[in-house]
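The values are calculated or read from the model by the stated rules, or taken from the named source; none is laboratory data. Please read all numbers here as calculations on a predicted model, not as lab measurements. Heads up, the Cβs are rebuilt from the backbone with ideal geometry, glycines too, and the neighbour counts pull from every protein chain shown. What goes into the accessible areas is simple: the full protein's heavy atoms, side chains included, and nothing from ligands, DNA or RNA. Shrake-Rupley method; radii C 1.70, N 1.55, O 1.52, S 1.80 Å.
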Amino acid sequence: MQNYGLKMTNESYINKLADHFHHNGNHEIKWTITDLTGWKNGAYILPSGEVIGEANPPVLFTNQDDGSNAYKTAGTVESWQQEIAAYLRNNAFMMLAVACSLASPLLRIINAKSFGVHLYNDSSKGKTTSLNIANSIWGNPEDLDQKWNQTPVAMMNNAQSRNDNFLTLDEIGQCKNFDDLEQTAYLLFNETGRTRGKKEGGNQQLAKWKITALSTGEIDLEGFLQTKGRNIQAGSLVRLLNIPMEEPSQLFHFKTAKAHADHLNEAVQCNYGTIGRKWLDFIIANKSEVKTAFSHYRSLWLERIPKDADSQVQRVVNNFAILETALQLAGFLTTWTEEENREAIIKCFNRWLAIFGTRSKEESNIIEQFNGWLLQAQHSDFIEVHADFKQGLKPSGRITAGYKMLVSADNEKEHFLIYPSVFKEATKGRAREVCLRALANAKMLDSSLEHKRDPYQKKISAKLEKNRPLCYIVYHLETEE
């Protein structure tokens, strides 16, 4: 029988039939096995396991626990446009939420880093409604909603399960462990989980992801942590963009903002999931157009930023260019015009810039800290020096910080002579070179002393102290009217 081509198994393999047929089967078609969502072999895998597009070679997804129920569809593209998109037009922050959701599958195509948007303001401003709208792009908002109050491990697992997709985080104020919050805010957009060892030796496979996220709260991330006595890394504020949200200004035929929000929250319960699938179909068919569009909008955004803007601001501008690219390319789905999309994103950027400023966040924090100390100490810790070096009283029972040089014939601008030891204490916890650069950029130091052996210091007059110690020359921070 074997001579006539019959494949037979001897008795020792009876319990290993699967191995036998696998060994002797037809292997012309190769399959890719993965437990990671997102882009794979030219197709896109939703967290439910649904494959959008045609994967070549085909893909078998092995992890469908997290998204099998949430990533479903209800309604149609047309009903989503009529019941939801039509009532978001000219409401910039709700349009921003949609942009953040749509941007997620673009990141890998344009080789961009993960980022998020944090919308904050008082309650009843439309924050939760915006989350629901953003989630309706991909599936059932009720099942997709996530909270900030979770462990870093759970957050990283959620991010990995939504690779190349979108994550929402509601109510930052509900987070109880503030150390976890600070750590999570940084790691979430770092795109890599913690390295974990195996009991038998070696390390587990490193968890990786790429996402966009939309977060809400009644206070910004930095302010929330500061109320708990904690400071956040400046890098986190570039990854998660803190934007104060305004109440919707365009209510259409609804009499109140609440009525407008109630309609949208009801509409997303029966219109979801269809837009995301159509959007993925478009991206698959137009990947080169996506890259070209992003390059175009990024060049426009780079022209908009102030010339003195820090590199951190330039990095954030790149994210706003991604958001505009998503909105502009998805115009056939949202029905919003190119001008409406542009105005919405620019308005949100201006709100962000008004809070963040054009300097790096680290520089801003240094300037704020040092200027706060100077304003507090100027009337109590310094000896005032009038015309002809006439000195005022020494601080009573306090360490003298230096001299406050008042305006006189010799001094055009009031300034301070600060002992180096006091300056070091006032900038405690910061690297000296970083502090000097920040204060110099803020024009609080004498630029003519920059390249001295002891930068920004000079010997004071012998009329003040005979041994003429070195002191920093510091000016008041000039603020715009």
* **1.4 Å probe accessible area per residue over the chain, in Å²** => 51
* **Other-chain or far-sequence residues with amide H under 5 Å of residue 240's (modelled H)** => 116
* To do: Average the reciprocal distances over every distinct pair of alpha-carbons in the chain, invert the result, and give the Kirkwood radius in Å.
  => 26.2
* Mind ordering 441-453, 320-332 by average Cβ neighbours within 10 Å, highest first? -> 320-332, 441-453
* Structure-based [θ]222 nm, the chain - -39500 (n - 2.57) summed over DSSP H runs of at least 4, per residue, nearest 500 -> -11500 deg cm²/dmol
* Given the range 319-441 reduced to its alpha-carbon atoms as identical point scatterers, what log10 I(q)/I(0) does the Debye formula return at q = 0.15, 0.16 Å⁻¹? -> -0.80, -0.86
* Structure fact -> Log entry: pair-distance distribution for the range 249-312, C-alpha pairs binned every 10 Å from zero, whole % per bin is 16, 21, 21, 36, 6
* State the dimensionless ratio Rg/Rh of the range 23-153 (Rg: radius of gyration of Cα atoms; Rh: Kirkwood radius). => 1.04
* Could you work out the mean projected area of the convex hull around the alpha carbons of the range 390-481, in square nanometres to one decimal? => 7.6
* Structure fact -> Cβ-Cβ cut-off under 13 Å around residue 310, Lys and Arg +1, Asp and Glu -1: the net charge is +2
* Sum up the charges of everything whose Cβ sits under 12 Å from the Cβ of residue 113, counting Lys and Arg as +1 and Asp and Glu as -1, but leave residue 113 out. => +3
* Could you pull out every residue, at least 5 positions away or on a different chain, whose amide H is within less than 5 Å of the one on residue 148? Hs are placed 1.01 Å off N in the peptide plane, and Pro or chain starts have none. => 170
* Structure fact -> Descending packing, highest mean Cβ count within 10 Å first, for 166-175, 74-83 is 166-175, 74-83
* Based on the alpha carbon coordinates of the range 57-134, what radius of gyration and maximum Cα-Cα distance (Dmax) apply, in Å? -> 15.7, 50
* Asked: Taking only C-alpha pairs under 8 Å that are 6+ residues apart, what is the relative contact order of the range 302-380 in percent?
  -> 39
* Structure fact -> Counting only protein heavy atoms with a 1.4 Å probe and every protein chain in place, the carbon and sulfur fraction of the accessible surface of the chain in whole percent equals 46
* To do: For each pair in 307/404; 394/452; 40/72; 113/443, compute the distance between the two Cα atoms and list the pairs where it is over 27 Å.
  => 307/404; 394/452; 113/443
* Asked: residue 347: net charge of surrounding residues, Cβ under 14 Å, Lys/Arg +1, Asp/Glu -1, itself excluded?
  -> -2
* Asked: Under the definition of Cα pairs under 8 Å and six or more residues apart, what whole-number percent is the relative contact order of the range 392-450?
  -> 19
* Given 127/361; 413/466; 390/424; 390/458, the pairs whose alpha carbons are separated by over 22 Å -> 127/361; 413/466; 390/424
* Structure fact -> Filtered hits (aspartates and glutamates, Cα-Cα < 20 Å from residue 255, offset >= 8 within chain) -> 83, 246, 247, 266
* Taking only C-alpha pairs under 8 Å that are 6+ residues apart, what is the relative contact order of the chain in percent? -> 15
* Asked: Using only Cα atoms, what is the ratio of the radius of gyration of the range 68-108 to 2.2 N^0.38 Å?
  -> 1.36
